[in-house]
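The values are calculated or read from the model by the stated rules, or taken from the named source; none is laboratory data. Note that the structure is a prediction, hence the values are computed from the model and not measured. Note that we place each Cβ from the backbone using ideal geometry, even for glycine, and neighbour counts take in every protein chain shown. These area figures cover heavy atoms from the full protein model, side chains too; ligands, DNA and RNA do not enter into them. Shrake-Rupley method; radii C 1.70, N 1.55, O 1.52, S 1.80 Å.
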Amino acid sequence: MGSAPDTITAIPNGRVGPAGPRRSVALDRAEALRLLGSVSVGRVVFTRRALPTVRPVNHVLDDGDIVIRTYEGAALTLHARDAGARGVVVAYEADAIDPDTHVGWSVVVTGYASLVTDARELARYRSLLHPWVQQTMDYAVRIRPELITGIQLTVPDGTTV
């Protein structure tokens with residue numbers, strides 16, 4: 001016996017969306033990193049005054065590491081500078097979930113963020129990663145993933161709509 005087709009229902013603001021829950025499928029590390037590298041915007045999570053802080057940022061994936069640009073005086077810059085060689089613990093999240101069909105993916109990386117201090121690396125990241133806010137971004141932070149988790153949201157029959 002096959003599963004029932006996904007039905008469409010009206011949702012607030014006049015849009016139409018799918019009815020019913022989505023199936024969550026765990027992603028392996030390689031696929032999670034591939035998907036993370038397919039988008040340019042995510043959210044970095046770190047502590048500030050002992051509370052969680054979230055900032056939207058753009059990123060580039062470089063040999064499995066996440067690199068973001070930042071500026072002098074930014075909380076993350078200061079935390080990374082003061083954390084020493086290992087870096088400061090952060091989380092990084094990116095996703096692509098369709099607002100109408102509610103299918104897509106989400107990846108969360110937990111790892112250590114440290115300032116990029118090598119002048120050649122910093123120049124390379126400046127050429128690869130262009131901040132989308134008008135502010136001087138003279139620093140780069142590299143996040144080395146320790147834990148990578150991800151999910152793919154699909155309709156119950158496994159299709160991605």
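Tabulated results
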| read-out | value |
| --- | --- |
| DSSP loop trypsin sites (Lys or Arg not before Pro) with at most 12 other Cβ within 10 Å: longest gap in the chain | 87-161 |
| Mean-position separation - Cα centroids, segment 29-58 and segment 120-152, in angstrom | 10 Å |
| Karplus (6.51, -1.76, 1.60) ³J(HN,Hα), θ = phi - 60°, over segment 46-54, in Hz, Gly and Pro reported as x | 8, 9, 9, 6, 6, 10, x, 10, 10 |
| Computed [θ] at 222 nm, helices only, for the chain once each DSSP H run of length n ≥ 4 contributes -39500 (n - 2.57) | -4500 deg cm²/dmol |
| Neighbour count of at most 14 Cβ within 10 Å plus DSSP loop: longest chymotrypsin sites (Phe, Trp or Tyr not before Pro)-free window in the chain | 1-70 |
| Accessible surface of the chain, 1.4 Å probe, proportion on carbon and sulfur as whole % | 55 percent |
| Among (i) 43; (ii) 35; (iii) 28, the entry that matches percent of Cα pairs over 24 Å apart as calculated here | (i) |
| Long-range HN-HN contacts of GLY64 with modeled amide H, under 5 Å | none |
